[in-house]
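Read the structure below first, then the notes.
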Amino acid sequence: MTTRTPNQTLKDHVAESGWTYEGVAKAVRVVAAECGATLRTNKSAVEHWIAGSTPRPETARYLAVALSRRLGRLISPADIGLPEDADGEHDNIGLSLGTDPLDALLPMWRCELDRRRFLTTSAYSVATAALPLSHLAEIADRTAAAARTGQSIGMAEVAAVRDMIRMFSDMDERHGGRHGRSALVTYLRDDVAPLCRGRFRTDEARRQMLSAASRGVHLLGWKSYDAGQQGLAQRYYLQSYALAAESGIPGHDGFVMRTMAMQGLKLHRPEHCQGLAETGLNRAKGKVDAQTEALFRVVHAHTLAKSGLRRAALAEAKQAQALLAGAPGDDVPFWALAWGPPAPSVYSRTAKVHETLEDHRNAADEYARAAATRPAGTYARIVALDLVAGAEMQLKRGSIEQACATWGQAMDHMDGVHSVRTRKAVKSMRTDLAPFRTRGLRCAVDLDERAIEFLAA
């Protein structure tokens, strides 16, 4: 009979967490669900692990993430006395801020192109979300230590990278995050990364190239987010932040902090959202144009609303709209156009402020305004999701026929879009329609039939 050696290291971490064994099991199930897995982990499983049995590699990672969140620091399976699996050496890539962001990105891209599943099923890390808050000094200039390719890089090369990333971004909005993802990874790895380590004609060209690379990595984060791969998205956002900080372009690092705040809000992980949004705003305020500042302020407003600060949230949202109205012709920087023109993005986020404050009428109006002000024929996914959110607000106000009409418009925009978020939106719509469909309401029955066809396709 084999005698197991108790896992004292795990036992100590669990004791430090203050959780019961059932609390540990529940936290593991929550992390697994976020990664698309269903576990039945219970108190007995935790007892067995502490007694010396070894959970499956995926479960060990979920356990490490759960304890990381509870204890406020990054913990790996090895830190809690569990063996690393074949991918263990890569578990923490992208979860720290080094002197050269490409040192983290290159192995991430290699794993992604090799279809290494651990990366796409990684969990969102609360500890990682706090890193930019303690990393406000710009990364030290790495020009002296950079690899020299002999190529002299100027603004023409920067413009070419921007054009290519803009093309990938447009494709993403029209067809969803799955489309062109491997091509974007390959482009960033094979073309952009060597340029970032090249020899530049001017320091300004170097700064703008790093900023353009940051925008490309940010887009990869967005594609991962759209695919429901939240842990991977977070890793890309963190390295996008590192590139933006190294570029020294005023406001760009704060913009990525803003994105990280948005992700935390969406995932109901509020621990650092207000700090990220506020710090990002302070990094940009007075250094960017008014429209771009409006983008920062409206996300800050949303975090204030989530914190229950109603008056402050409404005042900040009002300030964001005033900035938009006062500067319609400003030249918006390339990195701030990640989701298209600022105005509809501000309207959409203002809607979320009202939604958080349970003002469904104003939320519905702002969602409709956001959808209507997107340039025609573009941003199909965002328009669809704004319309879906608007329909949900109309339903909460008791306007089922109006909600069905708005949902129908949303589905008009979903044709050809391959996105986990749009599929989730349609599934959620079917759930909302169920009681009305049961009662035989014609608009609900027709819309549900259309939803079934959409999901089947």
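Derivation of every value follows stated rules applied to the coordinates shown; laboratory data play no part. In this text the structure is predicted, and so the values were computed from the model without any measurement. Note that we place each Cβ from the backbone using ideal geometry, even for glycine, and neighbour counts take in every protein chain shown.
Miscellaneous remarks
- Relative frequency of Cα-Cα separations exceeding 18 Å in segment 8-85, percent: 28 percent
- With the charge dipole of the chain set up from +1 on Lys and Arg Cβ and -1 on Asp and Glu Cβ about the Cα centre, the Cα lying farthest toward the positive end among the listed residues F454, A343, G286 is that of F454.
- Pairwise centroid distance, computed over Cα atoms, of segment 353-414 with segment 232-254, Å: 31 Å
- Cross-link pairs exceeding 20 Å in C-alpha to C-alpha distance, out of K266/K306; K285/K352; K396/K427; K223/K266, comprise K285/K352.
- Here the convex hull built on the C-alpha positions of segment 353-418 has a volume of 77 cubic angstrom per residue.
- The gain in end-to-end length when the K43 to A456 segment is fully stretched comes to 144.8 nm, 0.36 nm per residue minus the alpha carbon separation.
- Calculated over the chain: convex hull of Cα atoms, volume per residue (Å³): 165 Å³
- Amide hydrogen proximity for R199: with H placed 1.01 Å from N in the peptide plane, the residues at 5 or more positions away or on another chain lying under 5 Å are T149, G150, Q151, I153.
- Each helix, a run of at least 4 DSSP H residues, gives -39500 (n - 2.57); summed and divided by the residues of the chain, these come to -21000 deg cm²/dmol at 222 nm.
- Coarse-grained scattering of segment 260-348 at q = 0.21 Å⁻¹, given as base-10 log I(q)/I(0) from a Debye sum over alpha-carbon atoms: -1.00
- Scoring 202-208, 13-19, 55-61 by mean Cβ neighbours within 10 Å over their residues and listing the highest first yields 55-61, 202-208, 13-19.
- Comparing V46, G81, Q8 along the charge dipole axis of segment 8-85, the residue lying farthest to the positive side is V46, per the Cβ-charge model.
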